[in-house]
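Here the structure comes first, spelled out in structure tokens, and everything after it is commentary.
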Amino acid sequence: MSTTIISEGKTTNEAIENGLKELKTTKEHVSIKILENEEKKSFFSILAPRVVRVEMTLKEETKTYKKEPRKEIIISEGELKKAEENIEVFLKELSRNMLEGQSYEIKRNKDMVEVTINGENSGILIGYRGETLYALQTILSSVANKGLENRVTIRLDIENYKAKREKTLQDLAIKTAKTVMKTGKSITLEPMQAYERKIIHSALQDNKRISTDSIGEEPRRRIVIALLRNKK
């Protein structure tokens with residue numbers, strides 16, 4: 001059965017906008033019929049407030065619906081413990097082959113498991129701009145979640161690399177924004193991974209004179225920092 005409403009306004013556009021708000025949809029999703037046109041004015045009604053009425057019918061295939069709330073996934077203590085055990089077995093084996101002179105720690109933080117690795121020659125596990133670190137984190141996540149019904153989030157950090165890298169990117173964002181505001185010329189940063197671009201966007205989101213946009217395709221997607229010309 002079609003959903004039809006009658007909407008009113010001082011103009012046709014206003015009546016349509018009011019109807020769209022009531023139906024919680026957009027113009028292309030409704031059929032519109034003008035019941036009273038604001039152009040048709042008589043001598044006696046020219047001074048009276050004009051009311052335009054439109055009939056709006058929601059198209060069958062685009063009826064609005066209530067989106068079901070996302071079901072919260074509760075990670076059990078048993079799943080967290082199993083994830084820890086899986087990681088422990090993997091890291092013990094890795095230690096015998098790659099973690100010589102280094103130590104690791106596994107701990108729970110609410111519904112996730114955090115792994116930290118510290119020691120000499122950690123750079124080989126971090127890689128260029130954290131590429132090896134994030135690849136290892138992906139491997140740890142796969143290992144930890146083997147046999148689990150719900151997915152446990154795994155966070156890996158090596159020699160506090162993530163905090164240091166975040167600070168470096170925040171400083172870069174602020175410094176670059178100052179240059180852009182001074183020169184008026186946009187600056188394109190070198191390619192970054194998605195998590196790094198997010199740090200740049202976040203660092204400048206409150207700057208009302210600057211815009212940040214991502215361009216290009218992965219893995220060479222870049223951020224352009226530019227001046228908002230309509231801002232003083």
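One residue stands out among those in region 89-132 that are more than 28 Å from I75 (Cα to Cα) and basic (K, R): the one that is surrounded by the most Cβ atoms within 10 Å (Cβ to Cβ), which is R129.
Taking the criterion of being charged (D, E, K, R) and farther than 25 Å from G127 by Cβ, would at least one residue in region 188-205 satisfy it? Looking for residues that are charged (D, E, K, R) and farther than 25 Å from G127 by Cβ, one finds none in region 188-205, hence no. Could we say that L227 is more than 25 Å from Q102 (Cβ to Cβ), in contact (Cβ under 8 Å) with a residue 12 or more places away in the chain, out of contact with any strand residue (DSSP E or B) (no Cβ under 6 Å at 6 or more places or on another chain) and surrounded by 14 or more Cβ atoms within 10 Å (Cβ to Cβ) here? So L227 passes the test. For region 133-166, the set of residues classified as of a type in the set (V, I, T) and buried (at least 19 other Cβ atoms within 10 Å of the Cβ) consists of V152, I154, I158, listed by residue number.
Screening A83 with (1) free of Cβ contacts under 8 Å to residues at least 60 places away in the same chain; (2) surrounded by 11 or more Cβ atoms within 10 Å (Cβ to Cβ) gives one miss only, at (1). Once region 18-27 is narrowed to residues that are outside any loop (DSSP other than H, G, I, E, B) and touching a residue at least 12 places away in the same chain (Cβ under 8 Å), the residue that is nearest to E8 (Cα to Cα) is G19. Taking the numbered list (1) assigned to a helix (DSSP H, G or I); (2) surrounded by 11 or more Cβ atoms within 10 Å (Cβ to Cβ); (3) at pLDDT 85 or above in turn, N13 passes all entries but (3).
The values are calculated or read from the model by the stated rules, or taken from the named source; none is laboratory data. None of the values given here were measured: they were computed from a predicted structure. Using ideal geometry, Cβ is built from the backbone for each residue, glycine included, and neighbour counts are taken over all protein chains shown.
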